[in-house]
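Below is one structure, written out as structure tokens; comments come after it.
Readers should treat all values here as calculations from the given coordinates under stated rules, not as data from a laboratory. Just so it is clear, the structure is predicted and the values come from calculations on it, not from any experiment. All Cβ positions, even for glycine, are placed from backbone atoms using ideal geometry, and neighbour counts span all protein chains on display.
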Amino acid sequence: MLAVLESLGGSDLHLKAGWPARVRVNGELLALPGSPELTACDTAAIVETIIRPHVARDFAEAHQADFAFVSATGPRFRAHAYRQRGSTALVLRRVLDEPMSLEQLQLPDVARRLADHQRGLVLVCGPTGSGKTSTLAGMVDHINRQRAVHVVTIEDPIEIMHRDRTASISQREIGVDVPDFAAGIRASLREDPDVIVIGELRDRETVAAAMSAAETGHLVLASLHTTDAAETVHRVIELFPDHQRHHARLVLAATLVGTVCQRLVATADRRRRVPAVEVMVVNGRVQRCIVEPNTKDGINQIIADGEWYGMQSFDSALVALYESEVIDLTEAMAAASNPHDLGVDLRRRGLIGHHHGGADHRRRGAPSVTSGTAEP
């Protein structure tokens with residue numbers, strides 16, 4: 001099954017009883033060609049074969065577990081075993097054998113500049129499967145090639161392996177090297193770190209430890225399951241009880257350097273996906289907005305006005321992808337935070353007619369757009 005996944009260029013393999021195996025290819029979940037219907041015994045046996053003993057104990061108690069898995073042919077996978085309808089199920093996600101550069105990931109140059117900071121908090125955000133892990137790894141790889149520093153990563157599980165180049169990198173795994181994220185952050189402060197990388201900010205204790213590490217002069221890179229910068233700030237503050245929120249706002253405003261929020265969108269030929277990226281670079285206006293959330297200018301407006309700082313909104317990223325013919329109008333509209341506003345912007349720029357069914361006014365040779373879809 002893993003060989004077929006590789007041959008299809010798929011990202012994920014889904015196994016559950018009562019269904020054939022399924023693979024995710026270019027964002028779509030498809031039946032694995034030739035796969036029989038799996039039984040509960042099949043899925044349980046597969047998990048028992050690949051799960052590590054200490055993780056098996058956690059799975060028996062919690063009925064869900066995350067772990068890394070290396071196939072016999074070499075590719076690495078992030079595995080999530082869980083129970084559903086009384087039987088064992090499994091999702092395997094292919095992870096990179098080595099980090100891709102920020103340029104290879106097609107991220108804006110400001111992502112590199114954020115990683116160049118000596119201290120502060122940088123948050124990489126997006127839904128599941130949007131490439132947050134790859135982006136964090138790309139930032140670590142950039143630091144690894146440029147700076148003689150100690151980088152400590154805290155991951156669940158370790159996915160992309162880094163080898164020391166200019167930097168020294170210590171990768172610690174939850175359940176193997178450290179009990180949890182918050183404990184790992186606290187312990188890392190005794191390991192003379194310059195950069196701390198946190199696989200995921202899941203709870204208040206972890207967020208508080210991350211902000212404290214940034215406040216004491218470290219660069220902290222972390223991921224969060226949020227859709228955009230505004231939701232990210234809201235989510236971080238909401239993790240704290242009411243009586244601590246004002247202080248949390250002050251600390252976040254003082255430590256946050258920027259956010260990189262991403263969504264993967266299908267190319268016009270549907271053969272691959274590329275990132276559409278929103279970037280917020282913290283300046284005085286952003287800090288005031290964090291501390292005083294009822295200020296006139298919201299975060300989205302500040303990002304829209306912040307091109308000089310390297311900021312970009314999702315809509316501006318989608319416009320650029322559409323104008324360069326990387327994506328079509330249907331995909332741009334589907335990925336937009338506000339499709340109506342995106343349509344207005346495209347019409348204002350003369351890229352489409354006055355209705356979505358109007359002419360496509362991109363450069364000559366581009367496919368025309370009719371009824372919101374690109375014609376061959």
Expected unfolding gain across Gln146-Asp203 under the 0.36 nm per residue rule, minus the alpha-carbon gap, is 17.3 nm
The long-range amide H neighbours of Ser223, using H built 1.01 Å from N in the peptide plane and a cut-off of under 5 Å, are Val124, Ile198, Glu200, Leu201
Phi angles of region 264-271, converted by Karplus (6.51 cos²θ - 1.76 cosθ + 1.60, θ = phi - 60°) into ³J(HN,Hα) in whole Hz with x for Gly and Pro, give 8, 10, 6, 5, 4, 8, 6, 8
Taking a ≥ b ≥ c as the square roots of the eigenvalues of the Cα gyration tensor, with a/c under 1.5 meaning rounded and otherwise prolate when a/b exceeds b/c and oblate if not, the chain is oblate
Extend 7 Å from the Cα of Ser337 along its Cα-to-C-beta direction; within region 209-245, residues with backbone N under 14 Å of that point are 226-235
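If we sort 282-290, 244-252 on the protection proxy, mean other Cβ atoms within 10 Å, highest first, what's the order?
Going from most to least packed, we get 282-290, 244-252.
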Expected sort for 253-259, 346-352 on mean C-beta neighbours within 10 Å, highest first, is 253-259, 346-352
Quick shape check on region 1-107: root eigenvalues a ≥ b ≥ c of the Cα gyration tensor, a/c under 1.5 is rounded, otherwise prolate if a/b tops b/c, else oblate, and it reads oblate
Calc'd 3J(HN,Hα), region 88-100, phi into Karplus 6.51 cos²θ - 1.76 cosθ + 1.60 (θ = phi - 60°), Hz, glycine/Pro = x, comes to 7, 10, 8, 10, 10, 10, 5, 10, 5, 6, 8, x, 8
For region 158-167, Karplus-derived ³J(HN,Hα) couplings (6.51, -1.76, 1.60; θ = phi - 60°; whole Hz; x for glycine and proline) come out as 5, 10, 9, 7, 10, 10, 4, 10, 6, 8
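Taking only DSSP H segments of four or more residues, each worth -39500 (n - 2.57), what value at 222 nm results for the chain once the sum is divided by all its residues, to the nearest 500 deg cm²/dmol?
Mean residue ellipticity at 222 nm (helix-derived): -10000 deg cm²/dmol.
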For Ser87 and Leu189, extending 7 Å from Cα along the Cα-Cβ vector and measuring point to point gives, in nm, a value of 4.8
About its Cα centre, the chain carries a charge dipole, from +1 on Lys and Arg Cβ atoms and -1 on Asp and Glu Cβ atoms, whose size in debye to the nearest 20 is 260
Connecting every pair of Cα atoms under 10 Å apart in the chain and solving the GNM, the largest mean-square fluctuation among Ala213, Ala62, Ala115 falls on Ala62
Any residue on another chain or 5+ positions along whose placed amide H is under 5 Å from the amide H of Thr153 is listed here as Ser170, Gln171, Arg172, Val197
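So between Glu238 and Trp19, what do we pick up on full extension, going 0.36 nm a residue minus the alpha carbon distance?
Working: separation 219, 0.36 × 219 = 78.84 nm, distance 3.93 nm.
Computed gain between Glu238 and Trp19 is 74.9 nm.
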Length-normalised contact order of the chain, Cα under 8 Å, at least 6 apart, in percent, tallies to 11
If the chain between Ala60 and His117 were fully extended at 0.36 nm per residue, the gain over the current Cα-Cα distance would be 16.3 nm
